[in-house]
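S.K.: I am attaching a structure below and will ask some questions about it afterwards.
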Amino acid sequence: MVVIFIRALLLYLVVIVIIRMMGKRQVAEMQPFELVITIMFAELAATPMENIGVPLINGIIPIIVLLCIQVTISYFSLKSEGFRNFICGKPSILIHKGRIDQSELRRLRVSMSDLLEALRNKDYFNISDIEYAILETNGQISVLPKTHKRSIAIEDLGIEKQIDYEELPVTLIVDGKLNRRKLEKAGYDERWLQEQLKKEDIDKIENVFFAFISSDKNFYAQKKMG
């Protein structure tokens, strides 16, 4: 029991030191290769702890080798943009000039639900407020709102104003599928919806990629590609 305790303590300290040497990053900020190496650290450290018949050095040496690999990759990533793009990939534009890039969503296997959730995490509830949304190489989404939606505090203008309650946007159509329950809850029917789609030059619900009612009660729709 004492041997297991000592081995676990030593391996824990080794892994902590190695992780510190990799740099201070949160898991969400890691590049894919950094996340893979971190997971491998845990696997390599677990083997000598679970089996006291395995020499302790058999767990430590591979961990040090992985650290050297990580440092080498990070070094060349800093020196060469091409190498960095090969290892980490490039940022992907999901919303371009206010339009959702459907082909990019399909290529990256990102659903509309995923995109809307990521935007809500950035405090943007209306997709029509977004000029650009970029999926970074670490999986995070960066957002550039439209000019009239960029943040400015009321106190910066010297104005004291009571802010009215703002409702959440209502998603009506995703990839050609209408959510009738949400449409009715919003106080509208399919006839109204068809009229709004005609204004957007869309003849059928099946041809809609995404449609919603914004917080300020404006209708927004984007046609399917192809």
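The values are calculated or read from the model by the stated rules, or taken from the named source; none is laboratory data. Note that the coordinates shown come from a computational prediction; the quantities given were computed from them, not determined experimentally. Quick reminder, even Gly has a Cβ in these numbers, built from the backbone with ideal geometry, and neighbours come from all protein chains shown.
S.K.: Given the conditions (1) in contact with a His (Cβ under 7 Å, 6 or more places away or on another chain); (2) over 20 Å from F219 (Cα atoms); (3) aromatic (F, W, Y), and given that Y75 satisfies all but one, which numbered condition is not satisfied?
M.R.: That leaves (1) as the condition not met.
S.K.: If we scan the stretch 9-28, do we find a residue that is polar (S, T, N, Q) and within 20 Å of the chain's Cα centre (by Cα)?
M.R.: Yes, because at least one residue in the stretch 9-28 is polar (S, T, N, Q) and within 20 Å of the chain's Cα centre (by Cα).
S.K.: Looking at this structure, is Q31 surrounded by 15 or more Cβ atoms within 10 Å (Cβ to Cβ), in the same structural domain as E136 (by the TED database) and under 24 Å from L144 (Cα atoms)? Working first, answer last.
M.R.: On the way: surrounded by 15 or more Cβ atoms within 10 Å (Cβ to Cβ): yes; in the same structural domain as E136 (by the TED database): no; under 24 Å from L144 (Cα atoms): yes.
Answer is no for this residue.
S.K.: Hey, another quick one. Pick from the stretch 132-167 the residues that are among the acidic types (D, E) and assigned to a helix (DSSP H, G or I): which of them is modelled with the lowest pLDDT?
M.R.: Restricting to residues being among the acidic types (D, E) and assigned to a helix (DSSP H, G or I), the top hit is E155.
S.K.: Can you tell me which residue is surrounded by the most Cβ atoms within 10 Å (Cβ to Cβ) among those in the stretch 34-64 that are more than 21 Å from V3 (Cα to Cα) and among the aliphatic types (A, V, I, L, M)?
M.R.: I37
S.K.: Tell me, which residue of the stretch 171-193 that is at negative phi and in contact with an Asp or Glu (Cβ under 9 Å, 6 or more places away or on another chain) is surrounded by the most Cβ atoms within 10 Å (Cβ to Cβ)? Don't jump to the end; show me each part of the working.
M.R.: Within the stretch 171-193, the first condition is being at negative phi, and the residues that meet it are 171-174, 177-186, 188-193.
Filter once more, keeping what is in contact with an Asp or Glu (Cβ under 9 Å, 6 or more places away or on another chain): 177-178, 180, 183.
Working: K177: 10, L178: 16, R180: 11, L183: 19.
It comes out as L183.
S.K.: I need the helices (runs of 4 or more DSSP H) fully contained in the stretch 15-131, keeping only those with at least 2 residues that are touching a residue at least 24 places away in the same chain (Cβ under 8 Å) and of a type outside the set (V, I, T).
M.R.: Counting at least 2 such residues, we get 32-50, 57-79, 102-108, 112-121.
S.K.: Scan the stretch 18-39 and tell me whether some residue there is among the small types (G, A, S) and at pLDDT 80 or above.
M.R.: Checked the stretch 18-39: no residue is among the small types (G, A, S) and at pLDDT 80 or above.
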